Amino acid sequence: MPYTSGNPRPPRPSDVGRSLWGGAPLPPIPERVLDGIPGFLAWLALLVSIASAVAFPLTLMLTAALVATYSAIRFLLAGIANDMGMRRIQEWESIDWYRKYLQDRGADSLDWDSVHHLIIIPIYNESMKILIRTLDQLSLQENAASQISVLLAMEAAEPDSYQMAQSLHRQYAAHFADIYFTVHPRGLIGEMQCKSANLAWAINRFFENVVDEENLAIDNYVLTTMDADTRWHEKHFAALTYHFALNPDRHRTFWQAPIRYHGNIWQVNPLMRIINTYATAFELAYLAAPWWMAMPMSSYSLSLQLLEQSGNWDTDVIADEWHMWIKAYFATGGQVKLQHIYLPFLADSTTGSNIFESIKNRYSQTLRHAWGSKEVGYMLAKLIENPQVLSFNSFKLLLRIAHDILLAGAGWIILTVGSQLPVFFHPKIAPIKVEGMMSASDKLSYVLEGFSTSHPAWILLAISGIVMIILVVVFQIQDYRIRPPRLSPYTFGESILEILSIPFMLVLTLLVVALPTLVAQTRLLLGIPLQFIVTEKSIDK
């Protein structure tokens, strides 16, 4: 059955807002209030920073210095964890996963051949070239023709989506166990135009037209959702089969592989590659570090049973990964886990015809991703709704969700405003004066003496800045080692731009990370909706 259609499946009992442990739910807090928490804190941080710059400049500077010190330590830990992760990747790439399964299987393990993978690919405004590249790579997986089924989740809002799906079905039917496609209608009540709504529609059709009609047992089904440009490591699904078959908690587990934003790295503007370097390093670091909690990101897997227990994807959510994780966490009474698959997959990055287009497209992508700031409020709402699930792990999860969101919003404001504005209002507190610098015969001694006799906040800011610059260089070196090979050598201009990207990283981070994050959080605070836009991504030839 290549094409599935039908009406929306009714919500599951686990998704109707009741307490998991029984009893009447607490009165809900308005969604607008919870959504606005990150934006409120960001604007509060700005107002307090401006006032403190006038009244308490040194106190504000010390606060900014502490944020900078924390950020430097975080960069240092990320550099260590990134190196740990790359070592594990090398180990995993050398493993024969079927042979390891034969060695490690136990009485409770599933039979290797009984594990089946259903892979959903949401597709909207993607070129046929990208889709063919994705499916070609997917077909290289071990046992793709017997253990992997593909579900192409098309959008009716895209012209010719049905014809495109039919064409892909004809080309790849022989490469996979099954290949299905759905076409998600536009304008359904209660939905926004987003990947999560498309995923929910697609899996509902699969349940209705495959699971229910064929009386299919889903206990051994692993569900993977991936972006249309994702290219899995050739051993990924063999490793996933191994871990699913041997894991006794397979129906309370997510699986996540590290992302490498290298799919089209040589098409990305050289000045912008450092943003991809930073993102690639931190995604692997979050997975590899025992001191951080890993979360699903971009393309991830869970059992079909866990998805059903959790009530399916919601249809009004842009950041589906964290949202689904939170839903699964409460659906399992706080027992959900994440298992790492140390086999990286490639993802494409935003591009543009010039640096301005590249910045604009990356800004739009970050704006969409930053809509995940809603998950702070959603997590709080679920904790209030289910007080029986309150535990140390619940607060640890809340802290993990809030950490990056608040650091990119309120934290960035405190760091930048707090380190600059006090000098604007009180020039005398600066450790270095322009006129003194110009007149000094030994300028290095003047700088060192100025910092040594200044407020400790200046020393912390200077050391933190130097440490982060050094670690950015370390991330670059680590990234160079794992980038795909080039078909042509570096040009001189390209090399200069990549070198310049290091000192310009602060400006680039402001334009494509901090500002869109603050805009998204402000829109959530004011209740202004976001329109889902697919950003431009060219692919390497």
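The values are calculated or read from the model by the stated rules, or taken from the named source; none is laboratory data. Keep in mind that this is a model prediction, so the values were computed, not measured. Glycine also receives a Cβ, built like all others from the backbone with ideal geometry; neighbour counts cover every protein chain displayed. In case anyone asks, the SASA skips ligands and DNA or RNA and just uses the protein heavy atoms, side chains included. Shrake-Rupley method; radii C 1.70, N 1.55, O 1.52, S 1.80 Å.
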Considering the range 272-312 alone, what residues qualify as being open to solvent by 10 Å² or more (accessible area, probe 1.4 Å), under 15 Å from Ile120 (Cβ atoms) and part of a loop (DSSP other than H, G, I, E, B)? Ser298, Asn312
Test: Glu158 is in contact with a Phe, Trp or Tyr (Cβ under 9 Å, 6 or more places away or on another chain) and free of Cβ contacts under 8 Å to residues at least 60 places away in the same chain: yes
Tally of residues being under 30 Å from Leu510 (Cβ atoms) and not aliphatic (A, V, I, L, M) across the range 227-275: 15
Across the range 206-244, which residue is farthest from Leu304 (Cα to Cα) among those that are within 19 Å of the chain's Cα centre (by Cα) and aliphatic (A, V, I, L, M)? Ala228
Just wondering, is there one or more residues in the range 192-212 that are free of Cβ contacts under 8 Å to residues at least 12 places away in the same chain, of a type outside the set (A, V, I, L, M) and at negative phi? yes
Residue satisfying all of: in the range 107-124; part of a helix (DSSP H, G or I) and not small (Gly, Ala, Ser); least open to solvent (accessible area, probe 1.4 Å) among these: Trp112
When the range 140-166 is checked residue by residue, the ones that are among the hydroxyl-bearing types (Ser, Thr, Tyr) and open to solvent by 30 Å² or more (accessible area, probe 1.4 Å) are Ser146, Tyr162
Being of a type outside the set (A, V, I, L, M, F, W, C), within 27 Å of Leu461 (Cβ to Cβ), at pLDDT 95 or above and out of contact with any strand residue (DSSP E or B) (no Cβ under 9 Å at 6 or more places or on another chain) is true for just one of Tyr98, Tyr70. Which residue is that? Tyr70
Asp104 vs. criteria closer than 15 Å to Ala238 by Cα, touching a Leu at 6+ places or on another chain (Cβ under 8 Å) and exposed (fewer than 14 other Cβ atoms within 10 Å of the Cβ): yes
Are any residues in the range 61-106 among the hydrophobic types (A, V, I, L, M, F, W, C), in a helix (DSSP H, G or I) and over 29 Å from Val473 (Cα atoms), and if so, which ones? Trp97, Leu102
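Yes or no, residue by residue, for (1) open to solvent by 10 Å² or more (accessible area, probe 1.4 Å); (2) under 15 Å from Phe181 (Cα atoms); (3) among the basic types (Lys, Arg):
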{"position": "Trp201", "(1), (2), (3)": "yes, yes, no"}
{"position": "Val210", "(1), (2), (3)": "no, yes, no"}
{"position": "Glu213", "(1), (2), (3)": "yes, no, no"}
{"position": "His233", "(1), (2), (3)": "yes, no, no"}
In the range 462-488, the residues that are modelled with pLDDT under 90 and either open to solvent by less than 40 Å² (accessible area, probe 1.4 Å) or closer than 19 Å to Ser501 by Cα (or both): Ala462
Restricting attention to the range 288-308, does a residue exist that is without any contact (Cβ under 8 Å) to a residue 12 or more places away in the chain and either among the aliphatic types (A, V, I, L, M) or farther than 20 Å from Phe206 by Cα (or both)? yes
Failed condition for Asp229, given (1) in contact with a Ser or Thr (Cβ under 6 Å, 6 or more places away or on another chain); (2) under 30 Å from His262 (Cβ atoms); (3) surrounded by fewer than 24 Cβ atoms within 10 Å (Cβ to Cβ): (1)
Can you tell me which residue is farthest from Trp266 (Cα to Cα) among those in the range 349-372 that are buried (at least 20 other Cβ atoms within 10 Å of the Cβ) and charged (D, E, K, R)? Arg368
Looking at (1) of a type outside the set (A, V, I, L, M, F, W, C); (2) within 19 Å of the chain's Cα centre (by Cα); (3) open to solvent by 10 Å² or more (accessible area, probe 1.4 Å), which is the one condition that is false for Ser196? (3)
Of residues in the range 173-191 being closer than 30 Å to Pro529 by Cα and without any contact (Cβ under 8 Å) to a residue 60 or more places away in the chain, the one least open to solvent (accessible area, probe 1.4 Å): His184
Answer with yes or no whether Leu346 is open to solvent by 40 Å² or more (accessible area, probe 1.4 Å) and either under 26 Å from Arg133 (Cβ atoms) or touching a His at 6+ places or on another chain (Cβ under 6 Å) (or both). yes
For the range 251-271, which positions are open to solvent by 20 Å² or more (accessible area, probe 1.4 Å) and polar (S, T, N, Q)? Gln267, Asn269
Looking at Gln141, Gln163, which one is of a type in the set (S, T, N, Q) and in contact (Cβ under 8 Å) with a residue 60 or more places away in the chain? Gln141
